[in-house]
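Participant: Have a look at this one.
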């Protein structure tokens, strides 16, 4: 039986547009192995997959593109619901979507980490996922890294990524963040916090410092 005791399992999380992927790439450049929960979810929602079938059954064929692939923007619109009803109540089905997708994504992450352990017993295996804490899987990791940034930067980055104006970006972030824990709660649960509000160089310095800590933790 292969021992994975020296492999370090690291969760990388943070709010929308905080810069998780940028930070993840920096860790990969230092030698970490990384898998992104979002990419796993993409693959699970390909036509023919069990998760795809369940999502279409629950949310309807109107979320599909002409080629029958899932239109993620349409799915987000249905899942997150409008910002508020005239009575001020939110209508969200995001928990329904998460109940379908999360178990399969978590299984895939676990299988990936086991495979990393087989390939390299000394690996730093990093899972980048927005909802590690919300999904209740933080204890599966040896360390949890939370990436943060200022509210203004979050909006600006999301607007640039989605090619929408700042006002629309602000509303969409508010809507989506309602399904996530606030940064303050994530920070309380973190072993390490990387503030991605400054320059890339400042972020890289923090990543390097955390990487050195992880090497010490792996060797202990």
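Participant: Which value in deg cm²/dmol, rounded to the nearest 500, describes the helix-derived mean residue ellipticity at 222 nm for the chain, given -39,500 (n - 2.57) per DSSP H run of n ≥ 4 and division by the residue count?
Facilitator: Mean residue ellipticity, 222 nm, calculated: -16500 deg cm²/dmol.
Participant: Determine how many Å³ per residue the convex hull of the Cα atoms of the range 1-70 encloses.
Facilitator: 167
Participant: With both partners inside the chain, how many of the DSSP beta bridges are antiparallel, as a percent to the nearest 5?
Facilitator: Looking only at bridges with both residues in the chain, the antiparallel portion is about 5 percent.
Participant: For the chain, what is the largest minus smallest coordinate of the Cα atoms on each principal axis, given in angstrom and ordered from greatest to least?
Facilitator: On the principal axes, the chain reaches 55, 42, 29 Å in Cα extent.
Participant: Next question, about the same structure. When the Cα centres of the range 118-160 and the range 8-68 are compared, how far apart do they sit, in Å?
Facilitator: Spelled out, the Cα-based centre of one part sits 12 Å from the other.
Every read-out reported here was derived from the displayed coordinates using simple, explicitly stated rules and does not represent laboratory data. The structure displayed is predicted, hence computed values, not measured ones.
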